[in-house]
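Below: the structure, in C-alpha coordinates.
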Amino acid sequence: MSLTKLFKATLSAAAVFAVAGTAMTVHAEEWKFAIEESTGDVQDLYAQKFKELVKEKSGGDVDVTIYTYGQLGTENDITELTASGAIQFSNASPGHLGTFVPEIQVFGVPYLLSQNNDVNKAVLSESPTIYKGLSKDFESKGLKLYTMYPEGEMVWTTKKKVETPKDFDGVKFRVMTSPILIDSYKSFGADPVALPWGEVYSGLQTSVIDAQVNPIFFIESAKFYEVTDYLIYAGQQQYTTTVVTNDAFYKGLSDDRKKLLKDVKSELDDYIFKAQADLNDKALDKIKKAKPSIKVIKLDADQRAKFEEASKSVGDNLVKEVGGDTEQVLADLRDEIGKKEKELGKM
Ligand code: 6CS
(Lines give C-alpha, C1' and ligand atoms only; values in the text may rest on other atoms or scores of the structure.)
Protein backbone atom coordinates (compact mmCIF):
# COMPACT_ATOMS: atom_id res chain seq x y z
CA MET A 1 0.00 0.00 0.00
CA SER A 2 1.43 3.44 -0.91
CA LEU A 3 2.12 5.90 1.88
CA THR A 4 -0.75 8.15 0.72
CA LYS A 5 -3.24 5.25 0.65
CA LEU A 6 -2.13 3.98 4.04
CA PHE A 7 -2.40 7.44 5.55
CA LYS A 8 -5.84 8.02 3.98
CA ALA A 9 -7.08 4.67 5.34
CA THR A 10 -5.90 5.63 8.83
CA LEU A 11 -7.60 9.01 8.51
CA SER A 12 -10.90 7.38 7.42
CA ALA A 13 -10.84 5.11 10.46
CA ALA A 14 -10.21 8.16 12.66
CA ALA A 15 -13.12 9.95 10.98
CA VAL A 16 -15.51 7.09 11.89
CA PHE A 17 -14.57 7.48 15.55
CA ALA A 18 -14.87 11.26 15.27
CA VAL A 19 -18.39 10.98 13.80
CA ALA A 20 -19.38 8.45 16.47
CA GLY A 21 -18.14 10.95 19.06
CA THR A 22 -19.94 14.02 17.72
CA ALA A 23 -23.14 13.23 19.60
CA MET A 24 -21.27 13.96 22.81
CA THR A 25 -18.54 16.45 21.94
CA VAL A 26 -18.14 19.21 19.39
CA HIS A 27 -14.71 18.87 17.81
CA ALA A 28 -12.70 21.80 16.52
CA GLU A 29 -11.93 21.69 12.80
CA GLU A 30 -8.48 20.13 12.36
CA TRP A 31 -5.87 21.21 9.79
CA LYS A 32 -2.86 18.92 9.41
CA PHE A 33 0.47 20.63 8.68
CA ALA A 34 3.62 18.60 7.87
CA ILE A 35 7.07 20.18 7.88
CA GLU A 36 10.41 19.02 6.42
CA GLU A 37 12.39 19.79 9.55
CA SER A 38 12.62 18.91 13.26
CA THR A 39 11.32 20.57 16.43
CA GLY A 40 12.94 23.99 16.99
CA ASP A 41 14.03 24.42 13.33
CA VAL A 42 12.83 27.35 11.18
CA GLN A 43 9.88 25.50 9.62
CA ASP A 44 8.77 24.34 13.07
CA LEU A 45 8.87 27.93 14.40
CA TYR A 46 6.68 28.93 11.46
CA ALA A 47 4.20 26.08 11.92
CA GLN A 48 3.95 26.66 15.71
CA LYS A 49 3.19 30.36 15.23
CA PHE A 50 0.76 29.53 12.41
CA LYS A 51 -1.06 27.14 14.76
CA GLU A 52 -1.23 29.79 17.49
CA LEU A 53 -2.54 32.54 15.18
CA VAL A 54 -5.06 30.29 13.42
CA LYS A 55 -6.49 29.20 16.76
CA GLU A 56 -6.65 32.77 18.04
CA LYS A 57 -8.19 34.26 14.88
CA SER A 58 -10.74 31.45 14.47
CA GLY A 59 -11.90 31.87 18.07
CA GLY A 60 -10.65 28.34 18.85
CA ASP A 61 -12.59 26.72 15.99
CA VAL A 62 -9.52 25.54 14.05
CA ASP A 63 -6.83 23.40 15.57
CA VAL A 64 -3.60 22.79 13.61
CA THR A 65 -1.77 19.48 14.14
CA ILE A 66 1.93 19.67 13.25
CA TYR A 67 3.90 16.68 11.94
CA THR A 68 7.69 17.00 12.01
CA TYR A 69 10.12 15.43 9.52
CA GLY A 70 9.75 11.68 9.26
CA GLN A 71 6.38 11.37 10.99
CA LEU A 72 4.61 11.22 7.62
CA GLY A 73 7.62 10.37 5.48
CA THR A 74 10.27 12.38 3.65
CA GLU A 75 10.02 15.78 1.89
CA ASN A 76 8.52 14.30 -1.31
CA ASP A 77 5.98 12.17 0.61
CA ILE A 78 4.44 15.16 2.40
CA THR A 79 4.03 17.04 -0.89
CA GLU A 80 2.17 14.03 -2.30
CA LEU A 81 -0.04 13.85 0.82
CA THR A 82 -0.93 17.54 0.46
CA ALA A 83 -1.69 17.28 -3.27
CA SER A 84 -3.95 14.29 -2.63
CA GLY A 85 -5.82 16.11 0.18
CA ALA A 86 -4.81 13.65 2.93
CA ILE A 87 -3.29 16.61 4.79
CA GLN A 88 -4.00 20.32 4.34
CA PHE A 89 -0.62 22.10 4.64
CA SER A 90 3.05 21.29 4.21
CA ASN A 91 6.42 22.85 3.55
CA ALA A 92 7.56 22.08 0.03
CA SER A 93 11.00 23.53 -0.54
CA PRO A 94 12.18 24.23 -4.11
CA GLY A 95 15.20 22.04 -3.38
CA HIS A 96 12.92 19.01 -3.25
CA LEU A 97 9.92 20.08 -5.33
CA GLY A 98 11.58 19.99 -8.75
CA THR A 99 10.07 16.77 -10.06
CA PHE A 100 6.56 17.80 -8.91
CA VAL A 101 6.48 21.50 -9.86
CA PRO A 102 9.53 21.83 -12.19
CA GLU A 103 9.20 25.62 -12.65
CA ILE A 104 9.95 26.26 -8.94
CA GLN A 105 13.54 25.17 -9.64
CA VAL A 106 14.30 28.74 -10.71
CA PHE A 107 15.13 29.19 -7.01
CA GLY A 108 17.93 26.65 -7.48
CA VAL A 109 19.73 28.79 -10.07
CA PRO A 110 23.09 29.66 -8.45
CA TYR A 111 23.68 33.31 -7.53
CA LEU A 112 20.12 34.30 -8.53
CA LEU A 113 18.98 35.61 -5.15
CA SER A 114 20.52 38.64 -3.49
CA GLN A 115 23.36 38.76 -0.96
CA ASN A 116 21.04 41.19 0.86
CA ASN A 117 18.50 39.02 2.63
CA ASP A 118 16.12 41.99 3.08
CA VAL A 119 15.80 41.98 -0.71
CA ASN A 120 15.04 38.24 -0.68
CA LYS A 121 12.47 38.70 2.07
CA ALA A 122 10.68 41.44 0.15
CA VAL A 123 10.63 39.42 -3.08
CA LEU A 124 9.61 36.13 -1.47
CA SER A 125 6.77 37.60 0.57
CA GLU A 126 5.05 39.69 -2.10
CA SER A 127 6.42 39.03 -5.60
CA PRO A 128 3.79 39.04 -8.40
CA THR A 129 6.04 36.61 -10.30
CA ILE A 130 5.63 34.12 -7.46
CA TYR A 131 2.04 34.70 -6.32
CA LYS A 132 0.50 35.28 -9.76
CA GLY A 133 2.85 33.51 -12.21
CA LEU A 134 4.38 30.54 -10.40
CA SER A 135 1.25 29.89 -8.35
CA LYS A 136 -0.53 28.68 -11.52
CA ASP A 137 2.08 25.96 -11.89
CA PHE A 138 1.26 24.80 -8.35
CA GLU A 139 -2.52 24.83 -9.00
CA SER A 140 -2.09 22.56 -11.99
CA LYS A 141 -0.66 19.98 -9.54
CA GLY A 142 -3.44 20.27 -6.96
CA LEU A 143 -1.49 22.64 -4.70
CA LYS A 144 -2.10 26.23 -3.66
CA LEU A 145 1.07 28.24 -3.01
CA TYR A 146 0.39 29.88 0.35
CA THR A 147 3.67 31.58 1.19
CA MET A 148 7.41 31.60 0.63
CA TYR A 149 10.23 32.59 2.98
CA PRO A 150 14.05 32.40 3.23
CA GLU A 151 15.83 30.19 5.79
CA GLY A 152 19.39 31.50 5.47
CA GLU A 153 22.50 31.34 3.31
CA MET A 154 23.45 27.82 2.27
CA VAL A 155 26.89 26.82 3.51
CA TRP A 156 28.99 23.90 2.23
CA THR A 157 30.24 21.44 4.81
CA THR A 158 33.14 19.42 3.45
CA LYS A 159 35.95 17.13 4.55
CA LYS A 160 38.55 19.00 2.47
CA LYS A 161 39.27 22.63 1.71
CA VAL A 162 37.34 23.87 -1.34
CA GLU A 163 38.21 27.29 -2.77
CA THR A 164 38.01 26.70 -6.53
CA PRO A 165 35.87 24.47 -8.79
CA LYS A 166 38.99 22.29 -9.29
CA ASP A 167 38.98 21.46 -5.55
CA PHE A 168 35.61 19.77 -6.02
CA ASP A 169 37.21 17.12 -8.25
CA GLY A 170 36.00 13.69 -7.05
CA VAL A 171 33.95 15.12 -4.15
CA LYS A 172 30.65 13.23 -3.71
CA PHE A 173 28.39 16.12 -2.86
CA ARG A 174 24.92 15.52 -1.38
CA VAL A 175 22.19 17.75 -2.81
CA MET A 176 18.43 17.87 -2.30
CA THR A 177 16.30 15.96 -4.81
CA SER A 178 15.44 18.66 -7.40
CA PRO A 179 17.21 17.91 -10.73
CA ILE A 180 18.63 21.43 -11.12
CA LEU A 181 20.87 20.83 -8.12
CA ILE A 182 22.56 17.93 -9.89
CA ASP A 183 23.24 20.24 -12.83
CA SER A 184 24.49 23.03 -10.53
CA TYR A 185 26.94 20.92 -8.55
CA LYS A 186 28.24 19.22 -11.71
CA SER A 187 28.94 22.69 -13.07
CA PHE A 188 30.79 23.56 -9.82
CA GLY A 189 33.03 20.52 -10.47
CA ALA A 190 31.62 18.06 -7.87
CA ASP A 191 29.96 14.62 -8.21
CA PRO A 192 26.42 15.32 -6.94
CA VAL A 193 24.27 12.70 -5.18
CA ALA A 194 20.57 13.44 -4.48
CA LEU A 195 19.29 12.20 -1.09
CA PRO A 196 16.59 13.01 1.48
CA TRP A 197 18.23 14.75 4.43
CA GLY A 198 17.54 11.89 6.83
CA GLU A 199 20.34 9.97 5.07
CA VAL A 200 22.94 12.75 5.15
CA TYR A 201 24.55 12.31 8.59
CA SER A 202 25.16 8.58 8.16
CA GLY A 203 26.18 9.14 4.52
CA LEU A 204 28.91 11.56 5.66
CA GLN A 205 29.94 9.29 8.51
CA THR A 206 30.40 6.28 6.23
CA SER A 207 31.86 8.35 3.35
CA VAL A 208 29.02 7.44 0.96
CA ILE A 209 29.13 11.22 0.50
CA ASP A 210 31.91 13.72 1.29
CA ALA A 211 30.02 17.02 1.51
CA GLN A 212 26.60 18.65 1.71
CA VAL A 213 25.03 22.11 1.75
CA ASN A 214 22.49 23.71 4.10
CA PRO A 215 21.81 26.87 6.11
CA ILE A 216 23.98 27.14 9.21
CA PHE A 217 21.07 26.68 11.67
CA PHE A 218 20.33 23.30 10.04
CA ILE A 219 23.99 22.24 9.96
CA GLU A 220 23.97 22.86 13.71
CA SER A 221 20.67 21.17 14.53
CA ALA A 222 21.23 18.12 12.30
CA LYS A 223 24.86 17.94 13.57
CA PHE A 224 26.36 17.69 10.07
CA TYR A 225 29.42 19.60 11.37
CA GLU A 226 30.29 16.56 13.54
CA VAL A 227 31.08 14.52 10.43
CA THR A 228 32.77 17.22 8.28
CA ASP A 229 35.74 19.56 8.83
CA TYR A 230 35.10 22.77 6.87
CA LEU A 231 32.26 25.30 6.72
CA ILE A 232 32.54 27.19 3.43
CA TYR A 233 30.54 30.32 2.55
CA ALA A 234 30.44 30.71 -1.25
CA GLY A 235 27.34 32.93 -1.57
CA GLN A 236 25.76 30.66 -4.21
CA GLN A 237 22.37 30.16 -2.68
CA GLN A 238 19.79 31.20 -0.15
CA TYR A 239 17.63 28.36 1.22
CA THR A 240 14.02 29.08 0.33
CA THR A 241 10.87 27.21 1.22
CA THR A 242 7.22 27.37 0.23
CA VAL A 243 4.21 26.49 2.35
CA VAL A 244 1.54 24.86 0.22
CA THR A 245 -2.03 23.87 0.88
CA ASN A 246 -4.33 21.49 -0.97
CA ASP A 247 -5.92 23.51 -3.77
CA ALA A 248 -9.42 21.98 -3.52
CA PHE A 249 -9.37 22.42 0.27
CA TYR A 250 -8.43 26.08 -0.16
CA LYS A 251 -11.08 26.71 -2.82
CA GLY A 252 -13.70 25.14 -0.52
CA LEU A 253 -12.93 27.48 2.40
CA SER A 254 -15.35 30.26 3.36
CA ASP A 255 -14.35 33.87 2.65
CA ASP A 256 -13.77 34.33 6.39
CA ARG A 257 -11.29 31.47 6.52
CA LYS A 258 -9.50 32.74 3.37
CA LYS A 259 -9.18 36.15 5.00
CA LEU A 260 -7.90 34.55 8.18
CA LEU A 261 -5.19 32.78 6.17
CA LYS A 262 -4.23 36.01 4.39
CA ASP A 263 -3.93 37.86 7.71
CA VAL A 264 -1.88 35.08 9.25
CA LYS A 265 0.50 35.09 6.25
CA SER A 266 1.08 38.85 6.58
CA GLU A 267 1.92 38.56 10.28
CA LEU A 268 4.17 35.58 9.71
CA ASP A 269 6.21 37.20 6.89
CA ASP A 270 7.97 39.45 9.42
CA TYR A 271 7.95 36.93 12.25
CA ILE A 272 9.71 34.15 10.35
CA PHE A 273 12.27 36.42 8.72
CA LYS A 274 13.42 37.61 12.13
CA ALA A 275 13.22 34.13 13.67
CA GLN A 276 15.39 32.54 10.96
CA ALA A 277 17.95 35.35 11.23
CA ASP A 278 18.20 34.85 15.03
CA LEU A 279 18.56 31.10 14.70
CA ASN A 280 21.24 31.42 12.00
CA ASP A 281 23.11 34.11 13.96
CA LYS A 282 23.49 31.86 16.99
CA ALA A 283 24.29 28.64 15.16
CA LEU A 284 27.87 29.38 14.09
CA ASP A 285 28.96 30.11 17.68
CA LYS A 286 27.27 26.93 18.88
CA ILE A 287 29.15 24.92 16.26
CA LYS A 288 32.49 26.55 17.11
CA LYS A 289 31.92 25.81 20.79
CA ALA A 290 30.95 22.19 20.14
CA LYS A 291 33.82 21.60 17.68
CA PRO A 292 36.69 24.09 18.09
CA SER A 293 38.65 22.38 15.28
CA ILE A 294 36.05 23.33 12.64
CA LYS A 295 37.52 25.55 9.91
CA VAL A 296 35.40 28.42 8.58
CA ILE A 297 36.18 29.81 5.13
CA LYS A 298 34.47 32.78 3.47
CA LEU A 299 35.30 32.84 -0.23
CA ASP A 300 36.19 36.32 -1.45
CA ALA A 301 34.58 38.03 -4.46
CA ASP A 302 37.14 36.64 -6.95
CA GLN A 303 36.76 33.09 -5.67
CA ARG A 304 32.95 33.34 -5.78
CA ALA A 305 33.11 34.73 -9.32
CA LYS A 306 34.79 31.48 -10.46
CA PHE A 307 31.87 29.37 -9.20
CA GLU A 308 29.37 31.84 -10.66
CA GLU A 309 31.13 31.69 -14.03
CA ALA A 310 31.27 27.86 -13.96
CA SER A 311 27.50 27.66 -13.33
CA LYS A 312 26.32 30.37 -15.69
CA SER A 313 24.52 28.00 -18.09
CA VAL A 314 22.45 26.33 -15.32
CA GLY A 315 19.53 28.78 -15.69
CA ASP A 316 19.45 28.39 -19.50
CA ASN A 317 19.56 24.60 -19.20
CA LEU A 318 16.59 24.71 -16.83
CA VAL A 319 14.63 26.90 -19.23
CA LYS A 320 15.33 24.43 -22.07
CA GLU A 321 14.48 21.40 -20.00
CA VAL A 322 11.30 22.61 -18.27
CA GLY A 323 9.93 24.97 -20.92
CA GLY A 324 6.48 26.48 -20.32
CA ASP A 325 6.66 29.77 -18.46
CA THR A 326 10.09 29.09 -16.89
CA GLU A 327 11.95 31.57 -19.10
CA GLN A 328 9.49 34.33 -18.25
CA VAL A 329 9.49 33.51 -14.53
CA LEU A 330 13.29 33.59 -14.39
CA ALA A 331 13.50 36.88 -16.31
CA ASP A 332 10.78 38.48 -14.15
CA LEU A 333 12.43 37.34 -10.93
CA ARG A 334 15.81 38.75 -12.03
CA ASP A 335 14.06 42.01 -12.79
CA GLU A 336 12.27 42.14 -9.42
CA ILE A 337 15.45 41.29 -7.51
CA GLY A 338 17.40 43.95 -9.42
CA LYS A 339 14.77 46.61 -8.66
CA LYS A 340 14.66 45.71 -4.95
CA GLU A 341 18.46 45.81 -4.78
CA LYS A 342 18.38 49.37 -6.16
CA GLU A 343 15.96 50.29 -3.38
CA LEU A 344 17.49 48.34 -0.46
CA GLY A 345 21.14 47.82 -1.48
CA LYS A 346 23.06 44.79 -2.74
CA MET A 347 24.62 43.65 0.54
O1 6CS B 1 18.73 19.47 3.26
C2 6CS B 1 17.53 19.25 3.32
O3 6CS B 1 17.00 18.42 2.59
C4 6CS B 1 16.69 19.96 4.36
N5 6CS B 1 17.26 21.25 4.69
C6 6CS B 1 16.52 22.14 5.31
C7 6CS B 1 17.11 23.43 5.76
N8 6CS B 1 15.22 22.01 5.51
C9 6CS B 1 14.48 20.82 5.11
C10 6CS B 1 15.22 20.17 3.93
O11 6CS B 1 14.63 19.03 3.52
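Protein chains only, probe 1.4 Å: how do Asp263, Asp247 rank by accessible area, largest first?
Asp263, Asp247
Dividing the convex hull volume of the alpha-carbon atoms in region 220-294 by its residue count gives 127 Å³ per residue. Across all directions, the average flat footprint of the convex hull enclosing the Cα atoms of region 122-222 is 7.9 nm². Look at the dipole of the chain built from charges on Cβ: of Ala122, Gly315, Ser38, the Cα furthest out on the positive end belongs to Ser38.
Modelled spin-label separation between Asn116 and Asn317, with each label point placed 7 Å from Cα along the Cα-to-Cβ direction: 3.1 nm. Here the chain was treated as a single set of alpha-carbon atoms; its pair distances binned every 10 Å from 0 give 5, 24, 34, 24, 10, 3, 0 percent.
Based on DSSP H segments of at least four residues, each scored -39500 (n - 2.57), the chain has a per-residue ellipticity at 222 nm of -14500 deg cm²/dmol. Over region 28-344, accessible surface divided per residue gives 40 Å², non-protein components excluded, 1.4 Å probe.
Once Rg and the Kirkwood radius are both taken over the C-alpha atoms of region 16-172, their ratio Rg/Rh works out to 1.05. Computed from point charges on the beta carbon alone (+1 for Lys and Arg, -1 for Asp and Glu), the dipole magnitude for region 145-281 about its Cα centre is near 320 Debye. Against the chain, whose longest principal axis comes from its Cα atoms, helix 255-290 is set at around 40 degrees. Let me check against my output: what whole-number percent is the relative contact order of the chain, with C-alpha pairs under 8 Å and at least 6 apart? Relative contact order for the chain comes out at 23 percent. The packing ranking, built from the mean of other Cβ atoms within 10 Å per residue, places the peptides 309-320, 93-104, 205-216 in the order 93-104, 205-216, 309-320, highest first.
Of the heavy-atom accessible surface of the chain (probe 1.4 angstrom), what whole percent is carbon and sulfur?
Of all accessible area on the chain, carbon and sulfur atoms account for 53 percent.
The angle separating the long axis of helix 75-84 from the principal Cα axis of greatest extent in the chain is about 30 degrees. What you get for the chain, charging only the Cβ of Lys and Arg (+1) and of Asp and Glu (-1), is a dipole of about 400 debye around the Cα centre. For region 251-347, place one equal point scatterer on every Cα, skip the solvent, and apply the Debye formula. What is log10 of I(q)/I(0) at q = 0.11, 0.17, 0.22 Å⁻¹? Here log10 of I(q) over I(0) equals -0.72, -1.17, -1.13. The calculated pair-distance distribution of region 57-133 uses every alpha carbon pair, bins of 10 angstrom beginning at 0, and gives 15, 36, 34, 14, 1 percent. Using the Cβ of Leu204 as centre and a radius below 11 Å, the other residues enclosed give a net charge of 0, where K and R count +1 and D and E count -1.
Between 0 and 90 degrees, the angle of helix 301-310 with respect to the longest Cα principal axis of the chain falls at about 70 degrees.
Could you calculate the FRET efficiency of Glu163 with Ser207 from 1/(1 + (r/R0)^6), where r is the beta carbon distance between them and R0 is 30 Å, rounded to 0.05?
0.85
Distances between placed amide hydrogens fall under 5 Å for Thr147 paired with Val243, all partners being 5 or more residues away or on another chain. Rounded to the nearest 20, the size of the Cβ-charge dipole of region 48-121 about its Cα centre is 180 debye, with Lys and Arg at +1 and Asp and Glu at -1.
The values are calculated or read from the model by the stated rules, or taken from the named source; none is laboratory data. Everything numeric in this text was worked out from a predicted model, so none of it was measured. So basically every Cβ, Gly included, is an ideal-geometry build from the backbone, and we count neighbours across all protein chains shown. We work out accessible area using only protein heavy atoms, side chains counted, and drop any ligands, DNA or RNA first. Shrake-Rupley method; radii C 1.70, N 1.55, O 1.52, S 1.80 Å.
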